[in-house]
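Every number in this text was worked out from the coordinates using simple rules, so none of it is lab data. Worth saying up front: this structure is predicted, and the values here are computed from it rather than measured. Methodologically, a virtual Cβ is constructed for each residue, glycine included, from the backbone with ideal geometry; neighbour enumeration extends over all protein chains shown.
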Amino acid sequence: MIPIKDTIRSRSFPLITWLLVIVNVLVFVLIELPLNQSQLNQLIGTYGVTPDLCAAPILKGLSLASIPGLGVLFQGCAIPLITSMFLHGGWVHIIGNMWVLIIFGDNVEDRMGSIRYLLFYLVCGVVSGLTQAFVAPTSQVPAIGASGAIAGLLAAYMIFFPRARVVTFIPLFILPWFVNIPALVFIVIWFLLQFFSGVAALGGAASGGVAYWAHVGGFICGLLLVWLFAGRSRNPPKSYPDEYYPW
């Protein structure tokens, strides 16, 4: 399923959403693309979240009597947990992530407010990286990409706008098929695909280069924290004019 657009129009300009898109694209075009493969591997190894460097030392050394292993977390993960969100593995990777961010991020930003939205995005991204690291603690494959943070935005969108419709492209042999799917249904199906793909990939960092558990972790983080970041001062209507009502 490929989302094309949603039916909720943002009531304000999504400044942070577009800044995130611009930063991600600039990092990819100006920093990643000019590197040869060896240099790129070194960049990703340094600034991506490598589970073996992040979680494994903690899991091996942590005990009830001693907590020095937590220092390893900050030495091996603190910077990569942030920088990994702005690195991508190719054109398909970054275009896919930025496309979903543009479709769903503007409405979540509109609902939360720009500052809370940015903090929410970053927290979900950090939790997604930690989730991937602790699920596959011995893996030496770095996890990169904005998809874990975006998964948190999808969770927030599902809570805020469950009746919105997502215009979705479904490849059906050689015929294009466009359908309007309720956001709740679309996002739940997406999450279940990530979860069961992650279960099937247990024992490795990723399956086909996809860090499914990062998606799961970011999504669950979004579900748990969405109302904390929604803020009490904003009182949006219970529904938007473009939401869909007849089920």
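Remark: segment 117-130, residue by residue, has Karplus-estimated 3J(HN,Hα) of 4, 5, 4, 4, 4, 5, 5, 4, x, 5, 5, 5, x, 5 Hz, where x stands for each Gly or Pro and the curve is 6.51 cos²θ - 1.76 cosθ + 1.60 at θ = phi - 60°.
Both radii were evaluated on the Cα set of segment 2-230; the Rg over Rh quotient, with Rh as the Kirkwood radius, amounts to 0.98. Counted by neighbouring Cβ atoms within 10 Å, the residues 46, 7, 17 run from fewest to most as 46, 7, 17. When each of 223, 202, 175 is scored by the number of other beta-carbon atoms lying within 10 Å, the sequence from fewest to most is 175, 202, 223. For residue 49, the amide hydrogen comes within under 5 Å of the amide hydrogens of 143, counting only partners 5 or more places away or on other chains and with H modelled in the peptide plane. Going from the fewest other Cβ atoms within 10 Å to the most, the residues 227, 190 appear in the order 227, 190. Applying 1/(1 + (r/R0)^6) with R0 = 35 Å to the Cβ-Cβ distance of residue 18 and residue 138 gives a FRET efficiency near 0.35. Karplus-based coupling profile of segment 169-176, in residue order and whole Hz: 9, 10, x, 10, 6, 9, 9, x, with θ = phi - 60° in 6.51 cos²θ - 1.76 cosθ + 1.60 and x standing for Gly or Pro. The mean sequence separation of alpha-carbon pairs under 8 Å and at least six residues apart, normalised by the residue count of segment 2-230, gives a relative contact order of 28 percent.
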